[in-house]
Amino acid sequence: MRVTNLWLTRFRNYAEAELAPAPGLTVVLGDNGQGKTNLLEAIGYAATLSSFRGVGSEALVQHGHDRAAVRLAADSSGREVLVEAEITATGRGRVSVNRQPLRRARDLLGVVRVSVFAADDLELVKGGPAGRRRWLDELLVALLPRHAALMGDLDRVLRQRNTLLRQAAGRLTPDVATTLEVWDAKLVELGEALGTARQLLVERVEPALAKAYEHVAGEPLDVNATYDAPWRAEGLRLALERARTDELRRGTTLAGPHRDELSLSLDGLPARTHASQGEQRSLALALRLAAHTAVIEDTGDVPVLLLDDVFSELDPSRSEALVHHLPEGQALLTTAAGQPPSTRPELVVRVSDAHLHVVDI
């Protein structure tokens, strides 16, 4: 997979911009606030129709305008791909692939593949369970796009079930009990399927995670990843029955994959609470590298690496280790503090006040 051209119109702070990344490593230099991350965000948006910064479409449209556009040309195993996205500040935008309108967002999955490494990935390790569940689910979708439909259906069932629990106001009337049984059946079917898929994925990537950690940290620690889903021991149906009274009292679903945890440990101790900040950063990078490796192994396609300011949060030895162990393929790297000495870019671009300038190497 290789991005050949990127065109932006009124995207973030860019009125107009064009970038032709190198086939290998492109380094994007610039002071903070100039628009470096926005370039990577635009590539990520063209691949997923979402921002890796977790913001809505209104934040992507240049201030004072009502719409923006991202056009991305890519070479996917010799096949030319053109993704064109119109982003509106309000309402729904339009997307086309090779001039054909995209009917559903999930139909874009796998057309352009990217792996994002960001400075705030540290939250994957030291933050709450939601970020780690998101990492698992994003990897599941990258490996098998049909999981996107499963997760969408599960979210819909949870919303409907929670609405019913809130409306019940603690009372299990016959009507509530009957309707709850319907949603329980759907939740059990979808939740069991997602729980099994997550468990198998964790077992599959754990060895790659340990190897990636050793590469980045430069030391072999015992790295363990465990999928903690208490309801799986007895089954989701029985877990829901046991939680019924508390669910009615609290008005929310208390058992299921939406409350599960991916537990990470180093040398037998919880990484979130016991690892040093350097160890946590190495583990966060290892999670991204392990996911990247899994996608390559399963799809045969090499995602474009997007590394957003990751070296600003790493000490020199870990920065050098990351550069040394970056997988082959196209990569775009942003930095304000400079690049590690061993970096060998094919193209260097400086961003200043939302303008791009090629730098002589």
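Points worth noting:
- Leading residue by the ranking (farthest from R249 (Cα to Cα)) among those in segment 187-199 that are surrounded by fewer than 17 Cβ atoms within 10 Å (Cβ to Cβ) and over 19 Å from the mean Cα position of the chain (by Cα): T196
- Unmet requirement for R318, which otherwise passes all of (1) crowded, with 20+ Cβ neighbours inside 10 Å; (2) outside any helix (DSSP H, G or I); (3) among the basic types (K, R): (2)
- Just one of the listed residues (L264, L254) is in contact with a helix residue (DSSP H, G or I) (Cβ under 7 Å, 6 or more places away or on another chain), at pLDDT 95 or above and crowded, with 19+ Cβ neighbours inside 10 Å, and it is L264.
- Considering (1) buried (at least 21 other Cβ atoms within 10 Å of the Cβ); (2) assigned to a strand (DSSP E or B); (3) touching a residue at least 40 places away in the same chain (Cβ under 8 Å); (4) not acidic (D, E), the lone condition that A46 does not fulfil carries the number (2).
- Residue tally, condition more than 20 Å from Y227 (Cβ to Cβ) and either open to solvent by 50 Å² or more (accessible area, probe 1.4 Å) or aromatic (F, W, Y) (or both), over segment 147-162: 4
- If you go through segment 235-293 and pick out every residue that is under 21 Å from A197 (Cβ atoms) and not in a helix (DSSP H, G or I), you end up with 9.
- Odd one out for D301 among (1) surrounded by fewer than 17 Cβ atoms within 10 Å (Cβ to Cβ); (2) farther than 15 Å from S115 by Cα: (2)
- Segment 200-233: number of residues that are open to solvent by 80 Å² or more (accessible area, probe 1.4 Å) and of a type in the set (D, E): 3
- Scanning segment 92-139 for residues that are assigned to a strand (DSSP E or B) and either open to solvent by 20 Å² or more (accessible area, probe 1.4 Å) or free of Cβ contacts under 8 Å to residues at least 40 places away in the same chain (or both) turns up R94, V95, S96, V97, Q100, P101, V114, V116.
- Applying the set (1) over 27 Å from R134 (Cα atoms); (2) crowded, with 18+ Cβ neighbours inside 10 Å; (3) among the small types (G, A, S); (4) without any contact (Cβ under 8 Å) to a residue 60 or more places away in the chain to G30 leaves exactly one unmet item: (4).
- Of all the residues in segment 273-304, those that are farther than 20 Å from E214 by Cβ and touching a Leu at 6+ places or on another chain (Cβ under 9 Å) number 4.
- The residue that is farthest from L269 (Cα to Cα), counting only those in segment 212-226 that are touching a strand residue (DSSP E or B) at 6+ places or on another chain (Cβ under 9 Å) and free of Cβ contacts under 8 Å to residues at least 60 places away in the same chain, is E214.
- Per the listing D137, D121, D153, D175, the residue uniquely at pLDDT below 95 and of a type in the set (D, E) is D121.
- Within segment 106-117, one or more residues are touching a helix residue (DSSP H, G or I) at 6+ places or on another chain (Cβ under 6 Å) and of a type in the set (G, A, S).
The values are calculated or read from the model by the stated rules, or taken from the named source; none is laboratory data. Note that the coordinates shown come from a computational prediction; the quantities given were computed from them, not determined experimentally. Neighbour counts are summed over all protein chains in view; Cβ atoms, including those assigned to glycine, are modelled from backbone coordinates with ideal geometry. For the accessible areas, the whole protein counts, side chains as well, though only heavy atoms, and no ligand, DNA or RNA atoms are used. Shrake-Rupley method; radii C 1.70, N 1.55, O 1.52, S 1.80 Å.
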